[in-house]
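Undergrad: Here you go, one structure.
The values are calculated or read from the model by the stated rules, or taken from the named source; none is laboratory data. Everything quoted here is computed from the prediction, not taken from an experiment. Here the Cβ positions follow ideal geometry from the backbone for every residue, glycine too, while neighbour counts run over all protein chains shown. Side chains included, ligands, DNA and RNA excluded: accessible areas come from the protein's heavy atoms. Shrake-Rupley method; radii C 1.70, N 1.55, O 1.52, S 1.80 Å.
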Amino acid sequence: MKRSWFWYFLVAQGLWMGLITAVALRRRFPPLELPPLPAYALVAEAEGLQIEGADPEGLALGQVAPDATLTLVARPARAVVGPVELRPFIGRDGRSWPWAVAFESLGAGVFLLRAPIRALPDLGPGAWELTFLVGRPQELTRRLPAEPAAPAGEQVQRLHVRLEVTRPAENEPGPVK
C-alpha cells in the first residue's frame with residue numbers, strides 16, 4: 001500500500017504543534033528552583049579524637065600520626081533535595097589547591113572520606129588546612145575559584161578542618177606523592 005503525501009503532512013504538522021506547545025508551556029511554567037542547601041557540619045576523626053561543627057574559622061583536629069586513619073564526614077542538617085557535590089582542597093602557608101581525593105556519596109547529601117593518612121595524596125608531615133566546598137553542581141562549576149576563599153552563598157557552603165601530621169618514625173615510609 002502506497003502512502004500519500006497527506007499522511008506525512010499530518011505527522012509533520014502534529015510534531016510542529018507539539019514543539020510549539022512545549023515551548024509555550026516552558027515559558028509559562030519555568031522549571032522549579034531547587035531549595036537552598038541546608039546548613040552543613042563537618043565531623044573529623046583521627047586517633048580516637050572526634051570533633052564536629054561548622055565553625056567558619058574551621059575545626060582544629062590537632063596532631064595526628066601518619067599511620068592514623070582519618071575520617072571526614074560532611075553532613076547536612078536535613079536531607080538534601082536535588083543534586084549536590086563536594087569539592088576538596090588542601091592548603092598550607094596561605095596557599096591552597098584542589099585535593100585529589102574521592103569522597104564517597106552516601107546519599108541525602110552526606111559525603112564520607114575514610115583512609116589512612118599516609119595513603120592520602122599531598123598530606124605529609126606538617127600543618128595543613130583542608131577545605132571542602134559543598135554545593136549545587138552548576139553553582140560550583142560557575143563560581144568555583146582556583147582558591148576556595150571566594151564568598152560562599154546559600155547554594156555553596158565552605159567547611160574547614162586544620163590538622164598537623166607528625167613526622168613518621170625513622171623506619172616508616174613517607175606519604176604518597
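Undergrad: Going 7 Å from the Cα of residue 49 along its beta-carbon direction, which residues of region 67-81 have the amide nitrogen within less than 18 Å of the resulting point?
TA: The answer is 67-73, whose backbone nitrogens lie closer than 18 Å to the label point.
Undergrad: Report, by chain and number, residues whose modeled amide H sits under 5 Å from the one on residue 65, excluding near sequence neighbours (fewer than 5 apart, same chain).
TA: When sequence neighbours closer than 5 places are left aside, the close amide H contacts are 166.
Undergrad: Per residue, how much space in cubic angstrom lies within the convex hull of the C-alpha atoms of the chain?
TA: It comes to 195 Å³ per residue, whole-number rounded.
Undergrad: Where both residues lie in the chain, what percent of DSSP beta bridges are antiparallel, nearest 5?
TA: Of all bridge pairs located within the chain, approximately 90 percent are antiparallel.
Undergrad: Please list, ordered by chain and number, the residues whose modelled amide H lies under 5 Å from the amide H of residue 70; skip anything fewer than 5 residues away on the same chain.
TA: Long-range HN contacts for residue 70: 115, 117.
Undergrad: First select every other residue whose beta carbon is under 12 angstrom from the beta carbon of residue 74; then total the charges, Lys and Arg +1, Asp and Glu -1.
TA: 0
Undergrad: Gain in length, residue 13 to residue 69, computed as 0.36 nm per residue apart minus the alpha-carbon separation, to one decimal in nm?
TA: Extra length from residue 13 to residue 69 when fully extended: 13.7 nm.
Undergrad: Counting heavy atoms of the protein chains only and a 1.4 Å probe, report the per residue accessible area for the chain as a whole number of Å².
TA: Ligands and nucleic acids excluded, the figure is 63 Å² per residue.
Undergrad: Continuing with the same structure: Roughly how many nanometres apart are two label points built 7 Å out from the Cα toward the Cβ at residue 114 and residue 92?
TA: 2.7 nm
Undergrad: Based on the mean of other beta carbon atoms within 10 Å per residue, what is the order of 96-102, 4-10, most packed first?
TA: Sorting 96-102, 4-10 by mean packing, highest first, produces 96-102, 4-10.
Undergrad: Quick one: with all protein chains in place, what share of the accessible area of region 18-90 is carbon or sulfur, to the nearest percent (1.4 Å probe)?
TA: So the carbon and sulfur contribution to the accessible surface is 57 percent.
Undergrad: Another question about this same structure. Keeping all protein chains in the complex and leaving out DNA, RNA and ligands, what accessible area do you get for residue 81 with a 1.4 Å probe, in Å² to the nearest 10?
TA: 90 Å²
Undergrad: Give me the extension gain from residue 22 to residue 127: residue separation times 0.36 nm, minus the current Cα-Cα distance, reported in nm with one decimal.
TA: Extending this stretch completely gives an extra 32.2 nm.
Undergrad: Can you tell me the orientation of helix 5-28 relative to the chain, as the angle in degrees between its alpha-carbon axis and the longest Cα principal axis, to the nearest 10?
TA: Tilt of helix 5-28: around 50 degrees.
Undergrad: Right, something else. For region 116-130, take each phi angle, set θ = phi - 60°, evaluate the Karplus expression 6.51 cos²θ - 1.76 cosθ + 1.60, and give the result in whole Hz per residue in order, putting x for glycine and proline.
TA: After applying 6.51 cos²θ - 1.76 cosθ + 1.60, I find x, 4, 5, 8, 8, x, 6, 8, x, x, x, 8, 9, 10, 9 Hz.
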